[in-house]
Amino acid sequence: MNEENKKPIQEEVLAAIKSGLVHMRPRWHFALRAALGALGGVILFLALLYLISFIFFALRQTGAWFVPVFGFRALYAALRAIPWLLVLLSLGFIAVLEILVRRYAFAYRRPLLYSLAVISAVVIFGGVVVAETSVHHRLFRRSAENRFPVGSKFYRMYGTPRLQNIHEGTIAEITPEGFGLKTQRGESLRILVTPQTRFPLGTDFAEDDTVVVFGERQDGAVMAKGIRKIDDTFEHSRRPGPRMHFRVPLPDTR
């Protein structure tokens, strides 16, 4: 029965080719399509690594990555600080990459959710790894110095936005009521410490330390609800010489 069915199908295909309804294509055509598909997949993967690593960099740069430890209000502020447009763009890229990968045998034989989960895990892990390097720090400094014309606005938009209640910068000086903060935007803020201020990593701070402060800002002063130090390797590596440590004074409540 199978042999009888195959013969008419073969005859129909040959007849269609002879009549010109079907055109045979050379091997190089399929090889070129495969090469272009692979190249597009590689470019898309690299673009995804850049976008996802930039999202992590922006969250660290603005301090939003570090504030959830201060409570639910800080967590809400961190969620609002996420660049959701870039997140949606990354999800779109992942969907397109999934479509390209499904063309290959090792992917289309797997369930859709399985391959999608693998792709997502790989690009997120790769983005975290890239974010830990100095790539975005260097591009950010170049954009601040107008030496990166292509991405200057991009890095300024997401790298130094003014976030509500989240303030990251370096300690300029220790004061009786707290300390002075030099923000990433070049602004000077007075950080006021109260007995209610939370210190998840302790209160031992030093001038030139990079810190993130969570609190409401009013007229150049911030009533700190939480403060934590950030171990910024790229920033500290540019600060030679000994550093004198101070302990932030807490107000006397007696």
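Ranking request for peptides 59-72, 214-227, 175-188: highest mean number of other beta-carbon atoms within 10 Å first, then the rest in descending order.
59-72, 214-227, 175-188
Could you work out how much longer the chain between Arg156 and Ala172 gets when fully extended? Use 0.36 nm per residue separation minus the Cα distance between them, nm to one decimal.
So the extension gain works out to 3.5 nm.
Which length gain, in nm to one decimal place, applies between Tyr50 and Tyr114 when the Cα-Cα distance is subtracted from 0.36 nm times their residue separation?
The Tyr50-Tyr114 span can extend by a further 20.7 nm.
Count charges around Phe66 for me, please; just the other residues with Cβ under 10 Å from its Cβ, Lys/Arg as +1, Asp/Glu as -1.
Computed value for this residue: +2.
In a Debye calculation with equal point scatterers on the alpha-carbon sites of the stretch 119-209 and no solvent, what is log10 I(q)/I(0) at q = 0.10, 0.20, 0.24, 0.25 Å⁻¹?
-0.40, -1.07, -1.19, -1.22
Subtract the Cα-Cα distance of Leu85 and Lys182 from 0.36 nm times their separation in residues, and report this length gain in nm to one decimal.
Full extension from Leu85 to Lys182 adds 32.1 nm.
For Leu36 and Asn146, what is the calculated FRET efficiency with R₀ set at 35 Å and r taken between the beta-carbons, to the nearest 0.05?
That gives a FRET efficiency of 0.45.
Could you check the spin-label model distance between Gln218 and Asp204? Points 7 Å from the Cα along Cα→Cβ, value in nm.
Computed distance between label sites Gln218 and Asp204 equals 3.4 nm.
Every read-out reported here was derived from the displayed coordinates using simple, explicitly stated rules and does not represent laboratory data. Treat the numbers as computed from the prediction; the structure is a model and nothing was measured. Every residue, glycine among them, receives a Cβ derived from its backbone with ideal geometry; neighbour counts consider all protein chains shown.
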